[in-house]
Amino acid sequence: MKIVDLEVHVVNLPMKQGFTSSFETKRGETRTIVRLRTDEGVVGWGETMWGAPVARLVRQLADDVIGTDPRELEAFHARHRMLPFFHGYLGYAALAAVDVACWDAIGKAAGMGVVDLLGGRVREKVPLTALITRSDGDARDYPGSLADATERIVAENSFTAVKLKGSTDARADVAIMEALRERLPEVELRVDPNAAWSVPESVRAGHALEPLGLEYLEDPCQGLEQMAQVARAVRIPLCTNMCVVRWEDLAPAVRLDAVQVIHGDVYKWGGMAITKHLAAHCEAFGLGMNLHSGGEMGIATAAHLAIAASTPVLSGAIDSMYYLHDDDIIDPLLFEDGCLRVPDGPGLGVVVDEDKLAHYAELNAREGDFTG
């Protein structure tokens, strides 16, 4: 089996409402979509983070992968191990686009789901986290209005975990978390200010949050050294998606005991098998693991579901923005009772609506990439 063609499309997908973090408000996603074809007529689909800069790298990779067997992924990654060195996240995202498309093609050629190729299902449904931002509330009364909105969202969707996308104001975020705990005593709570707090602010906020029984505090401050200072002072597990983002970060994180939970991500780490390797390392060092969300549409979400469904350590509610999107380019994934069902069928188990792909690619051509 040989790859004979690789097409790249950049799409814009609107969101139902704004999604506010400590550094931006997103109103839509820009994603890069890959369609891979083999000489046996198999089509593999991939999707990855961001738009034009990543799409440019993927198109460069196309010249290398055409004529190769999609099953030769170890050789592919070995040939391009320096891409992330020169291009950082963009390099990892470009590698993941091709990697996921190859896994989809491999599964289809074998008549098997990617989840089965990765080890088989340990769960049929994957619970999602309710992602709460200041866009959900009223600025005149954030603790009360966000608690009202979160209580409604949890009741309507049966979420078992809630994460607040925090702000630059640690005291205000603590007040919101206190209101959430009062309303939702049985729900797992997390807060993620995206490293917007200083070490003193993180310690002070951490002490205030300790009585709330948080599942974890995610990236309160920047870097492993700062996180380690907070970890020594606060009795809440620290989680990261920002300071352990490549293999070179893992050993220092363990040595410093800077984090207790690591967020993996197929698109930030560069591929499917690599993310499974990260899970094995987390287990070996006694760390928890979860999955980060970078705004995945359906193809990428299906890839994350295959990872979560086949990896025992990923037992908690994963982050996913899928339920916040206004539409998709695939037949919709089944979302019920706060969970996404793992697709059946060969490969990733998704069917791409090529009319919608063309529509949202045209939207990107008119508007350019979303930047916030």
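The values are calculated or read from the model by the stated rules, or taken from the named source; none is laboratory data. Just so it is clear, the structure is predicted and the values come from calculations on it, not from any experiment. Positions of Cβ are generated from backbone atoms using ideal geometry, with glycine treated the same way; all protein chains shown enter the neighbour counts. Calculation scope for accessible area: heavy atoms of the full protein, side chains included, ligands and nucleic acids excluded. Shrake-Rupley method; radii C 1.70, N 1.55, O 1.52, S 1.80 Å.
Placing unit charges on C-beta atoms (Lys and Arg positive, Asp and Glu negative, everything else neutral), compute the dipole magnitude of segment 216-299 about its Cα centre in debye, rounded to 20.
Numbers: 6 positive and 9 negative charges, 27 e Å.
For this selection, approximately 120 debye.
Need one word for segment 19-126: rounded, prolate or oblate. Basis is the Cα gyration tensor (sqrt eigenvalues a ≥ b ≥ c); a/c below 1.5 gives rounded, then a/b vs b/c decides.
Oblate.
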* **Part-to-part distance (alpha-carbon centres) for segment 235-294 and segment 310-372, which is given in Å** => 23
* Structure fact -> As straight-line cross-link partners of Lys2, the qualifying aspartates and glutamates (C-alpha separation under 19 Å, not fewer than 8 residues apart within one chain) are Asp39, Glu40, Asp63, Asp64, Asp69, Glu72, Glu74, Asp99, Asp104
* Structure fact -> Under the Karplus relation with 6.51, -1.76 and 1.60 and θ = phi - 60°, whole-Hz ³J(HN,Hα) for segment 71-79, x at Gly and Pro, equal 6, 8, 6, 4, 5, 4, 5, 5, 5
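When the convex hull of the Cα atoms of segment 1-60 is projected onto a plane and the area is averaged over all directions, what value comes out in nm²?
Working: hull surface 20.5 nm².
Its average projected convex-hull area is 5.1 nm².
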* Asked: How far, in degrees from 0 to 90, does helix 247-256 lean away from the longest principal axis of the Cα atoms of the chain, to the nearest 10?
  -> 20
* What's the FRET efficiency of Ala358 with Phe23 using the Cβ-Cβ distance as r and R₀ = 51 Å, to the nearest 0.05? -> 0.95
* Can you run phi through the Karplus equation (6.51, -1.76, 1.60; θ = phi - 60°) for segment 322-335 and list ³J(HN,Hα) in whole Hz, with x for Gly and Pro? -> 4, 6, 8, 7, 7, 6, 7, 9, 10, 4, x, 6, 7, 10
* Quote the charge dipole size of the chain about the Cα centre in Debye, to the nearest 20; the model charges only the Cβ of Lys and Arg (+1) and of Asp and Glu (-1). => 700
* Would you give the gap between the C-alpha center of segment 147-209 and the C-alpha center of segment 100-146, rounded to a whole Å? => 21
* Asked: With axes computed from alpha carbons, what is the tilt in degrees of helix 223-233 against the longest principal axis of the chain, rounded to the nearest 10 within 0 to 90?
  -> 40
* Could you work out how far helix 199-209 tilts from the main Cα principal axis of the chain, as a 0 to 90 degree angle to the nearest 10? => 70
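Efficiency by 1/(1 + (r/R0)^6): what FRET value for Met112 and Ala172, r their Cβ-Cβ distance, R0 = 56 Å, to the nearest 0.05?
On the way: r = 49 Å, r/R0 = 0.88.
Efficiency, from the Cβ-Cβ distance: 0.70.
Cross-link list Lys26/Lys163; Lys165/Lys356; Lys125/Lys163; Lys26/Lys125; Lys108/Lys356; Lys125/Lys276: which exceed 24 angstrom alpha carbon to alpha carbon? The partial results should precede the final answer.
On the way: Lys26/Lys163 17 Å; Lys165/Lys356 30 Å; Lys125/Lys163 20 Å; Lys26/Lys125 28 Å; Lys108/Lys356 22 Å; Lys125/Lys276 18 Å.
Going by Cα-Cα distance, Lys165/Lys356; Lys26/Lys125 fall outside the 24 Å limit.
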* To do: With θ set to phi - 60°, apply the Karplus curve 6.51 cos²θ - 1.76 cosθ + 1.60 along segment 80-87 and write out the HN-Hα couplings as whole Hz, x wherever there is a Gly or Pro.
  => 10, 5, 8, 4, x, 4, 8, 10
* Asked: Among [x] 20.1, 60; [y] 24.4, 84; [z] 22.0, 74, which is the computed Rg and Dmax of the Cα atoms in Å?
  -> [x]
* Asked: Averaged per residue, what accessible surface does the chain expose to a 1.4 Å probe, in Å²?
  -> 40
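For segment 249-372, what class follows from the C-alpha gyration tensor (a ≥ b ≥ c being the square roots of its eigenvalues): rounded when a/c is under 1.5, otherwise prolate if a/b is larger than b/c, else oblate? Write out the running numbers ahead of the final one.
Details: a/c = 2.42, a/b = 1.70, b/c = 1.42.
Verdict is prolate for segment 249-372.
Considering Cα pairs under 8 angstrom that are at least six residues apart, work out the relative contact order of segment 115-270 and quote it in whole percent. Don't skip to the end; give the middle numbers.
Details: 250 pairs, mean separation 24.9, N = 156.
16 percent.
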* **Selection from Ala172, Gly67, His87, by position along the positive dipole direction of segment 65-186 (Cβ)** => Gly67
* Structure fact -> With the charge dipole of segment 1-51 built from beta-carbon charges (+1 for Lys and Arg, -1 for Asp and Glu) about the Cα centre, the Cα from Phe23, Val4, Trp45 projecting farthest to the positive end belongs to Phe23
* **Label point distance in nm, Phe335-Arg255, each placed 7 Å from Cα along Cα→Cβ** => 4.2
* Given Cα pairs under 8 Å that are at least 6 residues apart, what percent is the relative contact order of segment 6-55? -> 37
